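This report concerns only the one structure given below.
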Amino acid sequence: MTQPPSKIVKTFPPKGSLQQFRLGQLHEFQCARCGATKKSKLVVVEDGDWAKLLCNGCYGNVLSKT
Ligand SMILES: [Zn+2]
């Protein structure tokens, strides 16, 4: 999966290799870092690869370390 799962409503500025997007519909995904299953309109994409989605918790952790 390298395409967004639904329409992108809002694109946030990229932070390093991560970029956050708000989708038009709830999207269920497994976080590439913590492995938790999340359902959210807010997703974080790593390296522009929609197969690598991060939850907001991991996004915050990564940002706090950089
Ligand atoms: Zn996570």
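The values are calculated or read from the model by the stated rules, or taken from the named source; none is laboratory data. Predicted, not measured: the structure shown is a model, and the values here were computed from it. Cβ coordinates were reconstructed from backbone atoms using ideal geometry, including for glycine residues, and neighbour counts include every protein chain displayed.
Structural remarks
- Residue match in the stretch 30-46 (condition: of a type in the set (D, E, K, R), surrounded by fewer than 12 Cβ atoms within 10 Å (Cβ to Cβ) and more than 20 Å from residue 65 (Cβ to Cβ)): yes
- Pick from the stretch 17-66, criterion within 14 Å of the ligand (Cβ to nearest atom) and touching a residue at least 40 places away in the same chain (Cβ under 8 Å), ranking: nearest to residue 7 (Cα to Cα): 18
- Which listed residue is modelled with pLDDT of 95 or more, over 11 Å from the mean Cα position of the chain (by Cα) and not polar (S, T, N, Q), from 54, 63, 26: 26
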